[in-house]
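Here the structure is laid out as structure tokens; the discussion comes afterwards.
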Protein chains: 2
Amino acid sequence: MAVTLKDIALRVGKSVTTVSRALHDFDDVSPDTKAEVRSIAEELGYIPNIHAQRLQSKHTDTIGFIMPTFGPRFSDPFFSEFLTGIGNQAAKMGFDLLVSTRPPGTMELQTYEKNVRSPRVDGFIIVRTRQDDQRIKFLSQMKFPFVAFGRMLDHNDYAYVDEDGEYGMGLITSHLTDLGHKRIAYLDAPGHFMFAHYRRQGFLDGLKENGMEINQDLMVTGDMTQRAGYQLATDLLTQESPPTAIVACNDLMALGAISAAQQLGLTVGKDVAITGFDNIPLAEHCHPPLTTVHQPIYQIGEMVCEMLIKQIRAESLEQEQIILQPSLVVRQSTLGPINTL
Amino acid sequence: MAVTLKDIALRVGKSVTTVSRALHDFDDVSPDTKAEVRSIAEELGYIPNIHAQRLQSKHTDTIGFIMPTFGPRFSDPFFSEFLTGIGNQAAKMGFDLLVSTRPPGTMELQTYEKNVRSPRVDGFIIVRTRQDDQRIKFLSQMKFPFVAFGRMLDHNDYAYVDEDGEYGMGLITSHLTDLGHKRIAYLDAPGHFMFAHYRRQGFLDGLKENGMEINQDLMVTGDMTQRAGYQLATDLLTQESPPTAIVACNDLMALGAISAAQQLGLTVGKDVAITGFDNIPLAEHCHPPLTTVHQPIYQIGEMVCEMLIKQIRAESLEQEQIILQPSLVVRQSTLGPINTL
DNA sequence: ATTCTAATCCAAAACGTTTTGGTTTTCAAT
DNA sequence: ATTGAAAACCAAAACGTTTTGGATTAGAAT
């Protein structure tokens with residue numbers, strides 16, 4: 001069926017060794033032979049058998065990405081953009097990308113283990129770090145290469161890229177207090193997500209710095225979906241003394257909150273200010289456009305992938321740990337009346 | 001390093017052959033030996049070397065999915081949901097999923113070729129079929145297994161799942177004409193996408209059936225993003241005699257159109273009706289909620305994946321070609337005034 | 001003529017598995 | 001005692017590549 005080194009060797013009248021070395025441009029093969037081998041390889045349409053190569057060479061030139069998915073109806077713009085970043089960078093550097101989808105938990109960890117031991121991939125990209133992150137613990141302990149998007153509190157001797165969520169949420173808080181908001185609600189994500197931890201911290205610190213009290217009744221938690229944002233915001237806005245601003249810890253929940261406010265007849269930006277975090281593409285073209293904090297998700301995907309591949313190739317990384325300063329994007333969801341066109 | 005069959009064989013005092021056959025439950029190994037081999041394999045933490053297996057067995061137990069991405073800032077809820085469907089089903093059936101990201105074009109086709117010839121995967125899932133689809137032509141010609149989400153016009157002797165876009169768009173058109181709309185605009189996707197073809201056809205036929213003229217000025221084309229929907233709808237709604245309804249061929253453009261209408265001070269559902277197609281999760285929780293056509297994207301991902309794996313395993317498919325009837329989801333973007341709470 | 005060096009080349013081993021084509025052993029039937 | 005069949009086992013080949021550790025040849029230097 002497929003063309004092998006042997007076929008080429010037969011045609012050229014040289015050994016398999018020589019053919020292999022010719023194709024790899026070793027210098028103990030004469031220029032003439034190299035040329036001939038290459039032309040015949042081309043002619044026969046030779047493509048190396050990747051499993052033979054991998055069996056021999058002990059590495060897979062593949063990186064693994066296990067997407068933590070929740071429920072079947074899983075849809076998060078974050079992931080398609082991040083995946084595109086990883087995928088393009090991997091291709092650029094000659095690596096394959098093996099993707100699995102697993103809800104966080106035991107099965108997820110087993111998948112890591114199987115892929116490490118097989119060995120199916122050379123390294124992993126980990127996303128949305130968690131408190132007491134089993135994935136990171138496992139891979140660290142196995143000394144298996146990985147790069148994470150996200151820090152951890154206790155255990156930080158690994159390569160990562162992260163955004164400074166504390167700082168970003170500080171920008172949001174200052175922006176809102178500058179506008180005079182006193183009652184600010186917060187749509188939190190489940191506590192075990194590190195990103196939620198930092199963002200929440202930034203919010204709380206921001207309030208304190210601006211001399212405001214923290215009102216526990218206005219701190220609520222959802223599962224990061226638009227649906228959750230809608231639900232939580234509805235509850236908040238229908239209580240007797242509703243907040244004048246709602247800070248969501250991600251854009252999706254913020255979009256849900258916008259719908260909820262509008263459903264209640266409120267004008268977002270005037271009657272209530274709403275902010276997000278991430279700056280997903282949807283944030284710009286919703287109505288009103290969403291004030292949020294920009295995270296370069298695609299670039300982070302590229303960076304993380306590049307760092308991982310360099311680590312696999314045992315090249316030194318200039319920077320093992322990168323924290324990006326996000327920037328505030330002010331749009332109409334926190335400005336004056338918008339129906340003035 | 002890693003535990004091999006040889007290690008187990010040494011421990012058990014049997015040959016590598018016997019160990020291999022014991023682990024595969026062949027019946028020419030005694031029950032006692034099987035038990036012993038298994039317990040020692042367990043004890044040593046044996047995991048087969050996947051490359052040796054694949055080199056030997058000639059199949060990869062991996063399916064390929066090459067995501068057609070546009071630009072870096074690529075974000076489409078369709079893909080995260082579809083990918084989750086494929087990923088979960090593949091895992092359930094013991095297959096790996098190799099994902100690449102490529103903008104449609106030459107590089108994309110080369111990626112297919114390389115993966116076929118390496119051979120890196122056992123089959124492909126193809127998504128968003130196109131007129132004169134090079135991917136399908138190539139794989140058909142190579143007799144390489146694949147299943148597509150989408151039909152083609154000319155060449156239809158392959159396995160696919162598709163939604164009946166014509167029918168779905170017919171539902172939309174009837175719904176709008178029932179509501180009395182006379183000037184209906186259409187936000188089309190680029191003509192080479194088959195799904196765009198069927199949906200457009202459904203729209204045009206629907207108009208005709210309801211005795212309406214087709215106004216070419218109201219047919220405009222965008223790149224399926226929210227941004228495009230926003231732009232196109234703004235243009236449409238600011239012309240001297242604007243449409244009373246805008247039909248978008250996908251939800252993302254519809255969401256953009258909603259923003260555009262609202263930016264212009266219009267109340268969507270009252271001043272202008274807007275519809276989408278896909279029923280992405282965002283459609284339910286935007287404001288106003290979007291009238292659209294439901295496509296079970298996650299399930300289609302699962303189905304397509306299962307069909308592909310069955311095809312690879314040379315099991316017979318009950319149905320090689322499946323066309324799903326979508327259903328209309330009427331929400332407030334095509335109803336009366338909504339700010340009435 | 002001999003030795004040395006550099007330029008080419010290659011047989012065989014190795015990677016870890018599965019499969020092929022057996023062999024050996026045991027025991028019942030003749 | 002001999003035959004046959006069934007049960008249990010295994011050496012070697014095969015998959016296609018890379019690497020190891022040389023071998024061969026030609027030409028230059030002695």
Scanning region B:116-163 residue by residue, the ones that are among the small types (Gly, Ala, Ser), more than 29 Å from residue A:60 (Cβ to Cβ) and surrounded by 16 or more Cβ atoms within 10 Å (Cβ to Cβ) total 2
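Listed here are the residues, each with its yes/no results for (1) surrounded by 19 or more Cβ atoms within 10 Å (Cβ to Cβ); (2) not in a loop (DSSP other than H, G, I, E, B).
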site	(1), (2)
B:246	yes, yes
B:262	yes, yes
B:282	yes, yes
B:300	yes, yes
B:303	yes, yes
B:314	no, no
B:322	no, yes
Restricting region A:38-67 to residues that are basic (Lys, Arg) and open to solvent by 60 Å² or more (accessible area, probe 1.4 Å), the one farthest from DNA strand D (Cβ to nearest atom) turns out to be A:38
Taking region A:264-280 and keeping residues within 11 Å of another protein chain (Cβ to nearest Cβ), buried (at least 24 other Cβ atoms within 10 Å of the Cβ) and more than 29 Å from the chain's Cα centre (by Cα) leaves A:268
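Name the one entry in A:187, A:255 that is open to solvent by 10 Å² or more (accessible area, probe 1.4 Å) and either within 14 Å of another protein chain (Cβ to nearest Cβ) or touching a Leu at 6+ places or on another chain (Cβ under 6 Å) (or both). Break it down into steps so the answer makes sense when it comes.
Details: A:187 fails: open to solvent by 10 Å² or more (accessible area, probe 1.4 Å).
Just a single option satisfies the conditions, and that option is A:255.
Filter region B:73-93 down to the residues that are more than 9 Å from chain A (Cβ to nearest Cβ) and not in a loop (DSSP other than H, G, I, E, B), then identify the one that is farthest from residue A:74 (Cα to Cα).
Start the filter on region B:73-93 by keeping residues that are more than 9 Å from chain A (Cβ to nearest Cβ), which leaves B:82, B:89, B:92-93.
Cutting the leftovers down to not in a loop (DSSP other than H, G, I, E, B) gives us B:82, B:89, B:92.
Working: B:82: 9, B:89: 14, B:92: 17 Å.
Among residues in region B:73-93 that are more than 9 Å from chain A (Cβ to nearest Cβ) and not in a loop (DSSP other than H, G, I, E, B), the one farthest from residue A:74 (Cα to Cα) is B:92.
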Boolean, residue A:70 is part of a loop (DSSP other than H, G, I, E, B) and either free of Cβ contacts under 8 Å to residues at least 12 places away in the same chain or more than 13 Å from DNA strand D (Cβ to nearest atom) (or both):
yes
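Would you be able to tell me the number of residues in region A:94-115 that are assigned to a loop (DSSP other than H, G, I, E, B) and either open to solvent by 40 Å² or more (accessible area, probe 1.4 Å) or more than 20 Å from residue A:145 (Cα to Cα) (or both)?
Of the residues in that region, 4 qualify.
Within region B:70-84, take every residue that is of a type outside the set (D, E, K, R) and buried (at least 24 other Cβ atoms within 10 Å of the Cβ) and give me the one that is farthest from residue B:299 (Cα to Cα). Let's see the steps before the verdict.
As a first pass, look at region B:70-84 and keep what is of a type outside the set (D, E, K, R): B:70-72, B:74-75, B:77-80, B:82-84.
Applying the additional criterion that residues be buried (at least 24 other Cβ atoms within 10 Å of the Cβ) yields B:75, B:79-80, B:82-84.
Numbers: B:75: 20, B:79: 13, B:80: 13, B:82: 8, B:83: 11, B:84: 10 Å.
Residue satisfying both the conditions and the ranking: B:75.
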Taking region B:190-206 and keeping only residues that are open to solvent by less than 20 Å² (accessible area, probe 1.4 Å) and in contact with a strand residue (DSSP E or B) (Cβ under 7 Å, 6 or more places away or on another chain), one is left with B:193, B:194, B:196, B:203
Of the conditions (1) free of Cβ contacts under 8 Å to residues at least 24 places away in the same chain; (2) within 14 Å of chain A (Cβ to nearest Cβ), the single one that residue B:111 does not satisfy is (1)
The one condition residue B:334 fails out of (1) open to solvent by 60 Å² or more (accessible area, probe 1.4 Å); (2) closer than 14 Å to residue B:274 by Cβ; (3) more than 14 Å from chain A (Cβ to nearest Cβ) is (1)
Looking across region A:22-37 at residues that are surrounded by fewer than 16 Cβ atoms within 10 Å (Cβ to Cβ) and small (Gly, Ala, Ser), the single one that is farthest from DNA strand D (Cβ to nearest atom) is A:35
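Which residues, taken from region A:172-194, are assigned to a helix (DSSP H, G or I) and either polar (S, T, N, Q) or touching a helix residue (DSSP H, G or I) at 6+ places or on another chain (Cβ under 9 Å) (or both)? Break it down stepwise before answering.
Here is the first cut: in region A:172-194, the residues assigned to a helix (DSSP H, G or I) are A:172-178, A:194.
Within region A:172-194, A:172, A:173, A:174, A:175, A:176, A:177, A:194 qualify.
Yes or no: residue B:65 within 11 Å of chain A (Cβ to nearest Cβ), within 43 Å of the chain's Cα centre (by Cα), assigned to a loop (DSSP other than H, G, I, E, B) and more than 8 Å from DNA strand C (Cβ to nearest atom)?
Values: within 11 Å of chain A (Cβ to nearest Cβ): yes; within 43 Å of the chain's Cα centre (by Cα): yes; assigned to a loop (DSSP other than H, G, I, E, B): no; more than 8 Å from DNA strand C (Cβ to nearest atom): yes.
When the stated conditions are applied, residue B:65 does not pass them.
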Reported set for region A:116-171 where residues are in a helix (DSSP H, G or I) and under 16 Å from the mean Cα position of the chain (by Cα) is A:135, A:136, A:165
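Just a yes or no: is a residue in region A:216-227 acidic (Asp, Glu), open to solvent by 30 Å² or more (accessible area, probe 1.4 Å) and modelled with pLDDT of 95 or more? Steps first, answer last, please.
As a first pass, look at region A:216-227 and keep what is acidic (Asp, Glu): A:217, A:223.
Checking which are open to solvent by 30 Å² or more (accessible area, probe 1.4 Å) leaves us with A:217, A:223.
Then keep just the ones that are modelled with pLDDT of 95 or more; that gives none.
Taking every residue of region A:216-227 in turn, none turns out to be acidic (Asp, Glu), open to solvent by 30 Å² or more (accessible area, probe 1.4 Å) and modelled with pLDDT of 95 or more.
The values are calculated or read from the model by the stated rules, or taken from the named source; none is laboratory data. Since the structure is predicted, the reported quantities are computational estimates derived from the model, not experimental observations. When we count neighbours, we look across all protein chains shown, and the Cβ atoms used for this are built from the backbone with ideal geometry, even at glycine. Note: areas computed on protein heavy atoms with side chains; ligands, DNA, RNA excluded. Shrake-Rupley method; radii C 1.70, N 1.55, O 1.52, S 1.80 Å.
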